[in-house]
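Only one structure is covered here, and it is reproduced in the block below.
The values are calculated or read from the model by the stated rules, or taken from the named source; none is laboratory data. For clarity, every value in this text was computed on a predicted model and none was experimentally measured. Glycine gets a Cβ as well: all are built from the backbone with ideal geometry, and neighbour counts include every protein chain shown.
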Amino acid sequence: MDRTLLADFLRARRQALQPEDVGLPRGRRRRTGGLRREEVAVLAGMSADYYSRLEQQRGPMASEQMLAALARALKLSPGERDHLFALGGHSAPRRVLRDERVSPAMRRIVERLSDTPALVFSRFGEALLQTPPAVALFGDYTRFEGMSRYLVYRWFTDASQRAIYPPEDHAIRGRVFIVDIRAAYTADPTGTAGEIVEALLSVSPAFAEVWRRHEVDVTHHHDLKRYRHPELGEVELHSRRLVDPDEGQELLVFLAQPGSPSEARLRRLT
């Protein structure tokens with residue numbers, strides 16, 4: 001526990017909030033901005049004396065429950081909450097990420113990419129949203145059910161998924177997909193990622209062989225990818241990734257080199 005930095009952080013976040021931000025009346029006699037210490041204490045369900053001692057660097061080591069209550073009272077973002085726990089000498093609790101729906105911020109971005117292939121994936125590789133050009137280029141990834149919802153599962157069980165890439169790229173693509181699911185598995189081996197891995201180990205010797213290598217990075221994975229389309233032929237695209245760590249989602253946007261044959265082929269999709 002870093003008492004000095006914890007006190008400084010609590011004070012800064014308290015002063016950044018206004019009474020109306022937390023549903024409290026401002027009152028006529030309030031001369032300074034921010035919340036009062038006793039107001040934070042009430043919101044967090046603790047005594048004003050206990051909270052005051054934390055800000056005065058005199059308090060005992062706060063429990064995880066107390067820190068969680070302070071995070072809620074001070075309206076901390078997920079990143080701020082993690083920082084609070086670190087200052088308090090505790091590991092931050094695992095975030096509950098939502099995978100069943102696209103975050104509002106991601107959806108607004110995708111809506112502005114109507115003429116560009118773009119997909120939103122969950123951290124397990126499930127496609128949550130596609131632009132029309134992405135559907136035209138890859139097919140509708142959101143139509144699958146069961147384990148087939150996850151890209152890594154389709155890669156190792158469905159030959160049509162691999163047919164999108166040239167055969168000489170299959171090995172590196174499979175390794176990249178396994179590195180991605182390993183990251184989710186490491187964070188939560190008993191959750192959805194664990195179910196995906198267990199299912200693949202039971203049906204795919206190819207997956208099991210690469211999984212045993214325990215790769216966590218693929219150094220030769222470049223952002224230039226080649227795709228095979230039944231009407232357009234081969235298309236070379238650069239991918240750019242935007243990650244939303246709070247929601248556990250990522251946006252992949254695919255762009256062709258300006259003036260290239262691939263750019264001309266992409267125009268036919270729109």
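When region 52-87 is filtered for residues that are farther than 17 Å from Thr4 by Cα, touching a residue at least 40 places away in the same chain (Cβ under 8 Å) and of a type in the set (D, E, K, R), only Lys75 remains. In summary, helices (runs of 4 or more DSSP H) completely within region 124-186 and bearing 2 or more residues that are surrounded by 15 or more Cβ atoms within 10 Å (Cβ to Cβ) and free of Cβ contacts under 8 Å to residues at least 60 places away in the same chain occur at 151-157, 159-162.
The helices (runs of 4 or more DSSP H) found entirely in region 17-123 that carry 1 or more residues being more than 30 Å from Phe254 (Cα to Cα), charged (D, E, K, R) and outside the structural domain of Ala134 (by TED's automatic domain parsing) are 37-44, 48-55, 64-73, 78-87.
Being closer than 23 Å to Leu200 by Cβ, buried (at least 19 other Cβ atoms within 10 Å of the Cβ) and at pLDDT 90 or above is the requirement here; does Phe121 meet it?
Answer is yes for this residue.
Residues in region 70-90 that are among the small types (Gly, Ala, Ser) and under 24 Å from the mean Cα position of the chain (by Cα): Ala71, Ser77, Gly79, Ala86. Among the residues examined, Arg107 does not qualify as within 27 Å of Thr190 (Cβ to Cβ) and either in contact with a helix residue (DSSP H, G or I) (Cβ under 9 Å, 6 or more places away or on another chain) or not aliphatic (A, V, I, L, M) (or both).
Counting only residues that are farther than 29 Å from Ile109 by Cα, surrounded by 14 or more Cβ atoms within 10 Å (Cβ to Cβ) and among the aliphatic types (A, V, I, L, M), region 204-225 holds 3 of them.
Do you know which residues across region 14-57 are more than 19 Å from His90 (Cα to Cα) and within 29 Å of the chain's Cα centre (by Cα)? Within region 14-57, Arg14, Ala16, Leu17, Asp21, Val22 qualify. Tell me, yes or no, whether region 221-233 has at least one residue that is of a type in the set (Lys, Arg), in a helix (DSSP H, G or I) and in contact with a helix residue (DSSP H, G or I) (Cβ under 7 Å, 6 or more places away or on another chain). No, region 221-233 contains no residue that is of a type in the set (Lys, Arg), in a helix (DSSP H, G or I) and in contact with a helix residue (DSSP H, G or I) (Cβ under 7 Å, 6 or more places away or on another chain). Within region 226-238, which residues are at pLDDT 90 or above and surrounded by 14 or more Cβ atoms within 10 Å (Cβ to Cβ)? Selection gives Arg226, Tyr227, Arg228, His229, Val235, Glu236, Leu237, His238. Does at least one position in region 56-70 carry a residue that is more than 27 Å from Asp246 (Cβ to Cβ), modelled with pLDDT of 90 or more and among the basic types (Lys, Arg)? Within region 56-70 (the criterion being more than 27 Å from Asp246 (Cβ to Cβ), modelled with pLDDT of 90 or more and among the basic types (Lys, Arg)), the answer is no, since none of the residues qualifies.
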